[in-house]
Amino acid sequence: MLFVGTDLADFGDYLPYLTTEYSSFLLFFLCGLCGLLFLTGYLLNHRSFQGLAHLFDVSGKLVTDFVTIFALGVTLMNMAIMGMLLLVFIYLLGGQLSGPLLGAVLTVVGFSAFGNHWKNSLPILIGVVLATRLGFTTETSTFQLLLTAIFGTSLAPISGYYGPIAGIFAGIAHAALVSNITYLHGGLNLYNNGFSSGFVAAAMVPLLDEINQIKRRMNQ
């Protein structure tokens, strides 16, 4: 893979071609989808929000199947909330919806049935933005920042289990790594953010576990 990536680099820099021509249509589609999910979930949950607050307190650590734990109605409402959160996040940072960003949002909406919610995902988003603002990443485009942040929510269980501060640091580490790891595989790994988040989790989880053990020993 490394040799092929090096050979491909001889053809010049990679130039991504993105269009925001259909941004308004994608915005309408995503808002409609989230609204439909929320309304369906509300009706299935007997026209109540019961269970949502409890769902937000779950860490998201595997295995966390919200449909099994809380039922379908609450899960659909959580999926809608995550979709709207990411939509607001995109426009707050001055982004425009495009195909890749829509795909990223829908991916997280899907995983919001299996561990993601606003409470454990928001620290990751904050961490990625902080990393960019503090110069810890080589990526400067808003599109790359948004894509990194949205896919970085794969680290949400770290935030949910170890706390929001750990989640922010996980987001910072993810942003710093994902902008540099492309050179390792030459763009041949389509799951660049997942590849990076795996490294971050492998490094942080044992460290955070050790810190927790030290704290417990000190409190005894």
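The values are calculated or read from the model by the stated rules, or taken from the named source; none is laboratory data. Because the structure is predicted, anything quoted here is derived from the model rather than measured. Cβ placement follows ideal geometry from the backbone for every residue including glycine, while neighbour counts extend to all protein chains displayed.
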Scan of region 42-68 for residues that are over 17 Å from the mean Cα position of the chain (by Cα), under 22 Å from PRO164 (Cβ atoms) and among the aliphatic types (A, V, I, L, M), ordered by number: LEU52, ALA53, LEU55
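Does any residue of region 112-125 turn out to be at pLDDT 95 or above and closer than 22 Å to LEU18 by Cα?
Quick first cut of region 112-125, residues at pLDDT 95 or above only: 112-125.
Checking the rest, the ones that are also closer than 22 Å to LEU18 by Cα come to none.
Scanning region 112-125 turns up no residue that is at pLDDT 95 or above and closer than 22 Å to LEU18 by Cα.
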What residue, among those in region 87-136 that are among the aromatic types (Phe, Trp, Tyr) and closer than 27 Å to LEU62 by Cα, is surrounded by the most Cβ atoms within 10 Å (Cβ to Cβ)? PHE89
Check whether at least one residue in region 137-157 is surrounded by 24 or more Cβ atoms within 10 Å (Cβ to Cβ), hydrophobic (A, V, I, L, M, F, W, C), in contact (Cβ under 8 Å) with a residue 60 or more places away in the chain and in contact with a Gly (Cβ under 8 Å, 6 or more places away or on another chain), and report yes or no. yes
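How many residues does region 60-86 hold that are touching a Pro at 6+ places or on another chain (Cβ under 6 Å), surrounded by fewer than 20 Cβ atoms within 10 Å (Cβ to Cβ) and of a type outside the set (Lys, Arg)? Walk me through how you get there before you give the answer.
Of region 60-86, the ones touching a Pro at 6+ places or on another chain (Cβ under 6 Å) are 60-61.
After this cut, where a residue has to be surrounded by fewer than 20 Cβ atoms within 10 Å (Cβ to Cβ) as well, the list is 61.
Filter once more, so that each one left must be of a type outside the set (Lys, Arg): none.
Counting residues in region 60-86 that are touching a Pro at 6+ places or on another chain (Cβ under 6 Å), surrounded by fewer than 20 Cβ atoms within 10 Å (Cβ to Cβ) and of a type outside the set (Lys, Arg) gives 0.
Within the group LEU36, LEU62, which residue is more than 17 Å from LEU106 (Cβ to Cβ) and either aliphatic (A, V, I, L, M) or modelled with pLDDT under 95 (or both)? Spell out the reasoning first.
Working: LEU36 fails: more than 17 Å from LEU106 (Cβ to Cβ).
Testing whether each residue is more than 17 Å from LEU106 (Cβ to Cβ) and either aliphatic (A, V, I, L, M) or modelled with pLDDT under 95 (or both) leaves just LEU62.
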Given the conditions (1) over 22 Å from ASN120 (Cβ atoms); (2) assigned to a helix (DSSP H, G or I), which single one is not true for ALA170? (1)
Six or more apart or on different chains, Cβ atoms under 9 Å: show the pairs whose first residue is in region 207-218 and at pLDDT 95 or above and whose second is assigned to a helix (DSSP H, G or I). LEU208/ILE158; LEU208/TYR161; LEU208/TYR162; LEU208/ALA166; ASP209/TYR162
